[in-house]
Structure formats: structure tokens, C-alpha cells
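For reference, the structure is listed below as C-alpha cells.
The values are calculated or read from the model by the stated rules, or taken from the named source; none is laboratory data. The model shown is predicted, which means the values in this text are computed figures rather than measured ones. Cβ: placed from backbone, ideal geometry, glycine included. Neighbour counts: every protein chain shown.
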Amino acid sequence: MASDRNLAASRLLNKPLYLQVRDLVIERISKGQWKPGNALPNEVDLAREFGLSTGTIRKALDHLETERAVTRRQGRGTYVVDQSSDALASRFWRIGGSDGKLVPGDIKTFEFAEALANEEERRRLHLGPGDLVYRIHGVCLNRDLAFMIEDATIPVGLFPGLLEKKDATYRIGAIAQQYGLLLGRAQERVSIASAPATIASTLRVAPDTPVMQLDRLLMALDGRPLEWRIAYCHLAGGCYLAELG
């Protein structure tokens, strides 16, 4: 790891040292050197390896914790977050009931296909002409009743061979982790739309019934788009929960 040890000598780079450490930690997690649930070396050992102060290491780990790549446990150390866990997945699941609590959903995937990316998919996922995507169409059930339909698109280039590995369900966190990709930020637009006939039929509502439309773009920690998803939701007494601050 000679390049790691030369971090202290890389001050001519535009990126601050703590962000360089952050990038190296992400690289090691992505390559499987530090696996989900495993503890990282302590701050003193990392500082010694990288030739930096413990303060710089601590700042890098704080940044990674904010990004939910690691978790700090008081008196025990720093651990790699399991991207496939329910706790992490819930950050992208904001459908709530009348009591303000998240509504549990069981997503059933019944269509999973590979196709040439269309113009909108290329724009959203930063793809080029000729690039392929996987399209995943699923229905989310609560108490055996369909309340949300979602269509997700992910780049084949980031998930080669996924079609052969696919399961009966679709969870982007678990899939990304298999390919050494860490979930980053997401942008979601919430609007009200009239349910198209096919959507209305599955949700068991009349055509053109107002439904909530969720348009989400999910990024990896390195900034690459991982998933573009459009969902239609109709849940009596339900709402979209947003955390502020």
C-alpha cells in the first residue's frame, strides 16, 4: 500500500487529505478488503499507515459515517455498514400511514428485462448511445393489497451478468453491494399524477384517479447514477414522509 502511505506527500492535489482518506476507505470496502459488518483498523493504526494525524483520520471517518458507509460504535470502533440491511434501505422508503409510521411493503418483481437504453434513460443515468439497461417492473403489497407500482432502470455496465443472478425480489442496496458499489445520495421528485389505465387496474382504482408519483435518481458514493425509478402510489390515508434538518 505504498500509495496509501504517501498521502501526506500529496498536498498538491486539489482534494483535502481527509477526503483522500475517505476515497481510499471506500475503495477498500468496494474491493472487499473490509467486508460488511467488519471492523476497520482503529484510528491510530490508520493514521500510522497513511502517515497522517489521527484528527485527519477521524474527520474522514466522520464524513463516511454521514454518508452511511460506516458506523461508529462507542467504545467498540468503526464498522462497515451492510448496504443490504433493512435499516439502510429504509432511508429510501418514505411511504407512511396515517399514524406517521413507515408502511411496510413486500415488493414482488414480475418483470426483469435487458434492453437498449432510450433517450430519457440515457439522460438520467449518464449513458451513451448503444448502452444497455435492465428494466425492473414490480408491485408493492401491503397486507396482500397492491398500493405501489414501480419501474426501475439500472445500467448493465455497472451490473454485468445481473440477469442470471436475479432473485424473485429487487433490492438495489443488496445488488449494489454484490458489485462493490456503495449507495450515496438520492434525489426524489414527488408529484400528483392521474393513474394510467394499466396502473389503475393493478392498484384497483378507477382510471385517472389521482396517485402519488415518485421520480427518484439514486447515486453511488462516487457520484455515478445507479438507478432511476418511477413509482405510482395509492394508499388510503397514506403520505410521503420527509426528514428535515
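Quick grid of which residues meet (1) closer than 30 Å to SER30 by Cα; (2) touching a residue at least 40 places away in the same chain (Cβ under 8 Å); (3) among the polar types (S, T, N, Q); (4) in contact with a Lys or Arg (Cβ under 9 Å, 6 or more places away or on another chain):
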site: PRO207; (1), (2), (3), (4): no, no, no, no
site: VAL211; (1), (2), (3), (4): no, no, no, no
site: ASP215; (1), (2), (3), (4): yes, no, no, yes
site: HIS234; (1), (2), (3), (4): no, yes, no, yes
site: GLY237; (1), (2), (3), (4): no, yes, no, no
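Test ILE57 against the criterion of being touching a strand residue (DSSP E or B) at 6+ places or on another chain (Cβ under 8 Å) and surrounded by 13 or more Cβ atoms within 10 Å (Cβ to Cβ), and give yes or no.
Answer is no for this residue.
May I ask you to list pairs of residues, at least six apart or on different chains, whose Cβ atoms are under 7 Å apart, with the first in the stretch 106-124 being among the basic types (Lys, Arg) and the second being loosely packed, with under 12 Cβ neighbours inside 10 Å?
Once the first residue is among the basic types (Lys, Arg) and sits in the stretch 106-124, its partners that are loosely packed, with under 12 Cβ neighbours inside 10 Å give ARG122/GLY128.
Can you tell which of ASN118, ASN142 is of a type in the set (S, T, N, Q) and surrounded by 15 or more Cβ atoms within 10 Å (Cβ to Cβ)?
ASN142
Going through PRO155, PRO160, PRO210, PRO225 one at a time, which residue ends up being loosely packed, with under 13 Cβ neighbours inside 10 Å and touching a His at 6+ places or on another chain (Cβ under 9 Å)?
The conditions single out PRO210.
Can GLY138 be described as assigned to a loop (DSSP other than H, G, I, E, B) and either basic (Lys, Arg) or outside the structural domain of ILE29 (by TED's automatic domain parsing) (or both)?
Answer is no for this residue.
Identify the single condition in (1) surrounded by fewer than 14 Cβ atoms within 10 Å (Cβ to Cβ); (2) closer than 26 Å to ILE26 by Cβ that LEU125 does not satisfy, given that it satisfies every other one.
(1)
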